[in-house]
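The structure appears right after this line, and notes come after that.
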Amino acid sequence: MSTFDMEALMPVPKATYKDYVIRYIYNGIMERRFQPGQKILEQELSLELGISRAPVREALRQLVGEGLLTYQPQKGHTVTILDAKQVLACYETRGVIEGYAAALSAPLLAREEMKELERLTGAMTRYARRGEHRELIERGEEFHSLILNRCPNGELLNAANRLSRMLHILFYTHWGTLYSPEEVASRHRLILEALRKGDSQEIEQVVRQHYFETGRKIAQQPDISRTKESA
């Protein structure tokens with residue numbers, strides 16, 4: 001029986017079914033219902049969710065573009081398996097993009113938005129201490145999205161968003177062995193302090209390091225470091 005909330009689908013226009021399929025697959029990977037390397041079948045998803053295959057096909061195509069799924073002719077779609085080198089590349093790329101975007105965003109952040117960043121930092125600490133992983137990830141997403149959404153360069157924002165779901169899954173899976181609750185808060189406070197100072201070079205460096213450090217730590221995790229690179 002699917003754990004997906006079918007009632008939530010019923011009042012939604014067909015144009016948004018693709019987004020529900022994306023969320024369903026994303027949650028499935030996050031919760032390990034879909035394992036790395038597992039096949040994702042278009043027809044099965046269509047039957048399970050009770051929708052036509054067209055939005056399922058669109059969702060699969062988008063998730064391939066975001067890196068969560070891999071497509072091979074004759075083999076179809078599978079959940080992407082990342083090795084250490086690929087994990088580092090994802091985090092380094094996001095760090096470079098978001099670092100520059102944050103530097104552009106800083107002068108445009110209002111006082112109320114800075115207060116909201118402080119509130120989100122406190123919330124992340126509480127959720128980390130309680131072991132509430134999903135809530136921690138969501139507050140972290142809000143923190144970074146608030147900064148990114150102020151960026152006047154839309155292409156930077158699009159590039160950062162293409163990596164978001166992949167990084168969320170990696171962090172959700174491993175965060176408990178990466179940082180203590182206090183470290184979760186202190187790492188985001190460093191970003192907040194840099195934004196308050198308004199030094200664009202410092203902002204860019206702090207945000208880059210934020211992602212580079214996490215990428216290195218995840219790449220060293222046993223389930224990642226033992227993964228063989230693709231031939």
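The values are calculated or read from the model by the stated rules, or taken from the named source; none is laboratory data. Computed from a predicted structure; not experimentally measured. Here Cβ is always computed from backbone atoms with ideal geometry, including for glycine, and neighbour counts include all displayed protein chains.
Considering the range 216-231, the residues that are modelled with pLDDT under 85 and assigned to a loop (DSSP other than H, G, I, E, B) include one that is surrounded by the fewest Cβ atoms within 10 Å (Cβ to Cβ), namely A231.
Is it true that H188 is part of a helix (DSSP H, G or I), surrounded by 16 or more Cβ atoms within 10 Å (Cβ to Cβ) and modelled with pLDDT under 90? So H188 does not fit the description; no.
Give the residues of the range 1-56 that are at pLDDT 90 or above and not in a helix (DSSP H, G or I), sorted by residue number. Correct list: R33, F34, Q35, P36, G37, Q38, K39, I40, L41, G50, I51, S52. So which of E204, E213, E138 ends up being within 18 Å of the chain's Cα centre (by Cα), at pLDDT 95 or above and in a helix (DSSP H, G or I)? Within the list E204, E213, E138, the selection yields E213. The residues in the range 49-75 that are touching a residue at least 60 places away in the same chain (Cβ under 8 Å) and either surrounded by fewer than 15 Cβ atoms within 10 Å (Cβ to Cβ) or in the same structural domain as H174 (by TED's automatic domain parsing) (or both) can be counted, and the count is 1.
Taken over the range 76-132, residues that are within 16 Å of the chain's Cα centre (by Cα), surrounded by fewer than 18 Cβ atoms within 10 Å (Cβ to Cβ) and charged (D, E, K, R) amount to 1.
Just to be sure I understand, how many residues within the range 149-159 are buried (at least 21 other Cβ atoms within 10 Å of the Cβ) and in a helix (DSSP H, G or I)? Looking only at that region, the number is 0. Taking each residue of the range 36-48 that is farther than 18 Å from T70 by Cβ and looking for partners that are among the hydrophobic types (A, V, I, L, M, F, W, C) and crowded, with 16+ Cβ neighbours inside 10 Å with beta-carbon atoms closer than 6 Å, six or more apart or interchain, yields S46/V56.
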